[in-house]
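The values are calculated or read from the model by the stated rules, or taken from the named source; none is laboratory data. Because the structure is predicted, anything quoted here is derived from the model rather than measured. In this analysis, Cβ positions are derived from the backbone assuming ideal geometry, glycine residues included, and neighbour counts consider all displayed protein chains. We work out accessible area using only protein heavy atoms, side chains counted, and drop any ligands, DNA or RNA first. Shrake-Rupley method; radii C 1.70, N 1.55, O 1.52, S 1.80 Å.
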Amino acid sequence: MPRIHVLEEHVANQIAAGEVIERPASVVKELVENAIDAGSTQIEVRAEEAGLTRIEVRDNGSGIEPEECQLAFARHATSKIRTEKDLMRISSLGFRGEALASIAAVSKVRMITATSSERAGVQLYLEGGEVRERQQTASPKGTCIQVCDLFYNTPARLKYLKSMQTELAHIHDVLARLALGHPDISFRFYHQGRMVFSTDGDGKLLHVIHAVYGLNTARSMIPIREEAPDFELDGYVSKPQTNRASRSHIIWIVNGRAVKNASLTHALLDAYHTLLPQRRYPIAVVHLRMDPQLVDVNVHPAKLEVRFSKEQELMKWLKESVSRQLHRQSLVLDGPATARPVGLLAGSRSKPLQQREAVNQQVQFNFMRPVEKTVRQAHTAGDIPAKPSENPEAENPKAEEPKWETVPKPDMVRETQPLNLDAGPNRDAGRQAPECAALYVEEEASLDASLPSRSEEAGERLPMMYPLGQLHGTYILAQNEDGLYMVDQHAAQERIFYERFSEMARDMQVQRQPLMIPLTIHLHPQEASLLNELITLRKEEILGLGIEIEPFGQHTFLVRSYPAWVPPDEEEFWLQEMLQRLLQHGGNPSKISIEDVLDEAIMGLACKAAIKANRHLRLEEMQQLLDDLRQARQPFTCPHGRPVVIHFSHNQIKRMFKRIM
Ligand code: ADP
Ligand code: MG
């Protein structure tokens with residue numbers, strides 16, 4: 001057995017570095033967080049080869065005093081906290097005093113820093129944590145840290161890195177979160193000398209969302225702003241039609257720190273219940289502010305997770321706030337902005353598939369493509385020569401196509417939006433300036449629209465519509481002074497029934513209706529034992545739903561009554577639906593959420609009972625349906641999250657016919 005000894009400092013530092021510095025993106029995160037803590041208003045990040053050969057972060061913050069420069073690289077050296085009490089109320093991003101020590105342990109670092117432009121600054125060079133050079137230097141106020149040859153002395157770590165594209169995507173993700181967390185700071189991010197994205201630092205979160213996610217997403221964001229005694233909420237959530245296949249675009253910023261928190265995300269998704277298709281998630285950037293004593297940020301080495309001390313209260317409030325906002329908005333989908341006149345299609349019939357693909361590509365989100373922002377930035381930042389052309393892409397479509405343009409980001413995956421109809425071919429290209437301007441005007445307008453003074457009555461969110469006829473026996477065409485509407489008759493009635501049934505089924509005094517002949521149900525032995533347990537453990541709740549059921553023999557059950565609200569001829573379907581969903585939830589019968597089961601079963605019944613496609617409706621029936629829909633609490637999607645109404649405004653129609661351009 002070898003003898004026990006204390007590890008040499010540089011080995012210990014390398015081990016500790018592993019926790020904080022996992023990949024190039026971790027370096028970027030730590031350096032930029034330091035820049036933010038130093039009160040910077042401008043932060044510039046440059047990376048070469050996804051940060052592996054070089055990462056440079058330059059800020060205009062406080063700088064570091066010459067006598068403290070070396071200390072900054074010592075482990076557990078920090079200016080941000082002093083005593084254990086400070087740990088309970090952290091308001092800076094850093095506090096562990098580990099980042100610079102960890103970064104220096106696994107790379108070659110050069111730091112230039114000055115606390116004022118008049119006094120000389122310091123330049124320090126370290127290799128593997130050891131100071132190799134130190135000299136006085138002239139420098140503007142602020143700090144610039146260059147990290148070269150990351151992991152040069154820990155080859156094992158290098159092996160775990162993914163492709164350059166993936167690492168770059170991680171950096172992008174980290175920076176996007178930091179920028180979204182600090183709209184008042186101007187960020188610029190360059191990779192291989194080319195701008196990837198930048199933000200103005202004008203304090204407007206929507207502008208940062210625009211820079212990070214693009215114009216279409218920014219336009220479909222709904223502002224939320226709420227205050228409670230303990231919490232403050234401020235941010236944007238997407239209209240349901242703008243959604244993604246993963247939750248990773250739900251971004252929480254708690255007291256300025258981007259964090260992951262499953263409970264927050266869960267509460268938000270609850271607010272979107274029935275507005276989104278299954279396995280689709282909104283985009284959200286939400287700032288939460290609260291007394292630092294109510295959050296514990298010291299639960300994760302990379303400070304990515306937090307714990308809340310008033311968790312339940314916070315979640316309930318969050319869900320209600322978002323839900324209220326979603327119920328105030330008109331969520332009618334807009335029809336396409338441009339459409340090809342009939343006849344012009346003829347020439348391209350030979351390749352309809354490619355054409356569809358081309359359109360699909362247009363709807364993709366190009367996180368890595370700097371074009372949109374570049375055009376705007378070019379005028380102010382001066383980093384990129386402004387192109388005179390209105391459409392830089394069309395001018396030279398293949399020019400300078402960097403490898404990383406097609407990066408599939410692990411987190412921020414670019415994808416088509418299934419329901420987004422507002423992105424016609426080339427919509428974004430070539431019309432940047434006016435649209436950007438419109439966006440900013442709209443922000444104010446939409447903020448106003450969201451104020452509670454507006455009528456909250458659901459009926460008023462969907463205007464009166466007058467039916468013109470039916471298309472393919474499936475869609476109602478209707479009009480009013482605002483243009484043309486297409487309504488999916490099945491989806492509309494599904495929504496109406498879903499809300500009606502939900503209300504009746506949750507009525508405290510659900511009436512029971514005895515069955516003339518009790519319904520006999522035979523089950524598989526396993527299911528039978530689960531149902532038996534359920535009947536014993538949750539008898540009152542099941543009876544409260546209006547269902548009277550009892551065991552009858554070994555694997556057989558008798559249902560004697562059903563809830564009276566169930567439409568005629570649907571009793572058996574309803575009972576089967578409830579039972580099946582109960583059994584599907586399986587597991588521990590005392591834990592099954594009867595509320596969830598009921599909700600799913602009501603969706604099933606609403607779908608079954610709603611008029612199907614290909615059914616002729618008379619004009620009066622259409623009018624009735626539209627009127628009922630206007631009374632719905634949430635008339636814009638069916639309970640499965642599909643759209644119910646699509647609107648073509650007068651102007652859109654005029655544009656399609658080229659009456660206006
Ligand atoms: P922490 O951020 O947890 O305090 P770090 O190792 O990241 O620990 O940084 C150590 C200290 O170095 C910080 O507390 C801060 O005083 C100083 N420092 C680091 N980066 C900067 C910067 N960009 N500007 C000013 N001071 C900085
Ligand atoms: Mg730090």
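Can you name the residue in the range 196-214 that is assigned to a strand (DSSP E or B) and in contact with a helix residue (DSSP H, G or I) (Cβ under 6 Å, 6 or more places away or on another chain) and is also nearest to GLN165 (Cα to Cα) among such residues? Among those that are assigned to a strand (DSSP E or B) and in contact with a helix residue (DSSP H, G or I) (Cβ under 6 Å, 6 or more places away or on another chain), it is PHE197.
Any residue that is among the β-branched types (Val, Ile, Thr), farther than 16 Å from PRO563 by Cα and open to solvent by 20 Å² or more (accessible area, probe 1.4 Å) - is there at least one of those in the range 530-537? Taking every residue of the range 530-537 in turn, at least one turns out to be among the β-branched types (Val, Ile, Thr), farther than 16 Å from PRO563 by Cα and open to solvent by 20 Å² or more (accessible area, probe 1.4 Å).
Just so you know, in the range 90-117 the residues that are among the small types (Gly, Ala, Ser) and either away from ligand 2 (no atom under 14 Å from the Cβ) or open to solvent by 60 Å² or more (accessible area, probe 1.4 Å) (or both) include one that is nearest to ALA12 (Cα to Cα), and it is ALA105.
Residue by residue through the range 244-260, note down the ones that are touching a Phe, Trp or Tyr at 6+ places or on another chain (Cβ under 6 Å) and open to solvent by less than 20 Å² (accessible area, probe 1.4 Å).
Selection gives ARG244, VAL259.
Hey, among the residues in the range 147-199 that are hydroxyl-bearing (Ser, Thr, Tyr) and open to solvent by 30 Å² or more (accessible area, probe 1.4 Å), which one's nearest to ALA101 (Cα to Cα)? Checking each candidate, the answer is TYR152. How about the range 120-152: which of its residues are polar (S, T, N, Q) and either farther than 28 Å from ALA50 by Cβ or modelled with pLDDT under 95 (or both)? Answer for the range 120-152, where residues must be polar (S, T, N, Q) and either farther than 28 Å from ALA50 by Cβ or modelled with pLDDT under 95 (or both): GLN135, GLN136, THR137, SER139. Taking the criterion of being touching a residue at least 24 places away in the same chain (Cβ under 8 Å) and either in a helix (DSSP H, G or I) or crowded, with 16+ Cβ neighbours inside 10 Å (or both), the residues of the range 577-589 that qualify are GLU577, MET578, LEU579, LEU582, LEU583, PRO589. The C-beta contact set for the range 609-631 (first residue touching a residue at least 40 places away in the same chain (Cβ under 8 Å) and assigned to a helix (DSSP H, G or I), second residue of a type in the set (Asp, Glu) and open to solvent by 50 Å² or more (accessible area, probe 1.4 Å), distance under 8 angstrom, 6+ apart or interchain) is empty.
In this structure, is GLY121 in contact with a His (Cβ under 7 Å, 6 or more places away or on another chain) and either more than 16 Å from ligand 2 (Cβ to nearest atom) or closer than 21 Å to SER40 by Cβ (or both)? Can you show your working first?
Working: in contact with a His (Cβ under 7 Å, 6 or more places away or on another chain): no; either more than 16 Å from ligand 2 (Cβ to nearest atom) or closer than 21 Å to SER40 by Cβ (or both): yes.
When the stated conditions are applied, GLY121 does not pass them.
Apart from one condition, GLY214 fits all of (1) within 16 Å of ligand 2 (Cβ to nearest atom); (2) within 36 Å of the chain's Cα centre (by Cα); the exception is (1).
Tell me which residues, restricted to the range 127-145, are crowded, with 22+ Cβ neighbours inside 10 Å and within 18 Å of GLN14 (Cα to Cα). Result: GLY129, single match. Would you please name the residue that is most open to solvent (accessible area, probe 1.4 Å), looking only at residues in the range 37-84 that are within 10 Å of ligand 1 (Cβ to nearest atom) and more than 28 Å from ALA120 (Cβ to Cβ)? Once the filter is applied, the top-ranked residue is HIS76.
Applying the criterion of being within 17 Å of LEU233 (Cα to Cα) and polar (S, T, N, Q) to the residues of the range 303-331, the residue that is most open to solvent (accessible area, probe 1.4 Å) is GLN312. Within the set GLU22, GLU98, GLU33, the sole residue that is within 28 Å of the chain's Cα centre (by Cα) and within 7 Å of ligand 1 (Cβ to nearest atom) turns out to be GLU33.
Tell me which residues, restricted to the range 496-544, are closer than 30 Å to MET622 by Cα and in a helix (DSSP H, G or I). Before you say what the answer is, go through the steps one by one.
Let us first name the residues in the range 496-544 that are closer than 30 Å to MET622 by Cα, namely 496-507.
ILE496, PHE497, TYR498, GLU499, ARG500, PHE501, SER502, GLU503, MET504, ALA505 - these are the residues of the range 496-544 that are closer than 30 Å to MET622 by Cα and in a helix (DSSP H, G or I).
If the requirement is being within 16 Å of ligand 2 (Cβ to nearest atom) and surrounded by fewer than 22 Cβ atoms within 10 Å (Cβ to Cβ), which of these qualifies: LEU31, LEU87?
Working: LEU31 fails: surrounded by fewer than 22 Cβ atoms within 10 Å (Cβ to Cβ).
Of LEU31, LEU87, the one residue that is within 16 Å of ligand 2 (Cβ to nearest atom) and surrounded by fewer than 22 Cβ atoms within 10 Å (Cβ to Cβ) is LEU87.
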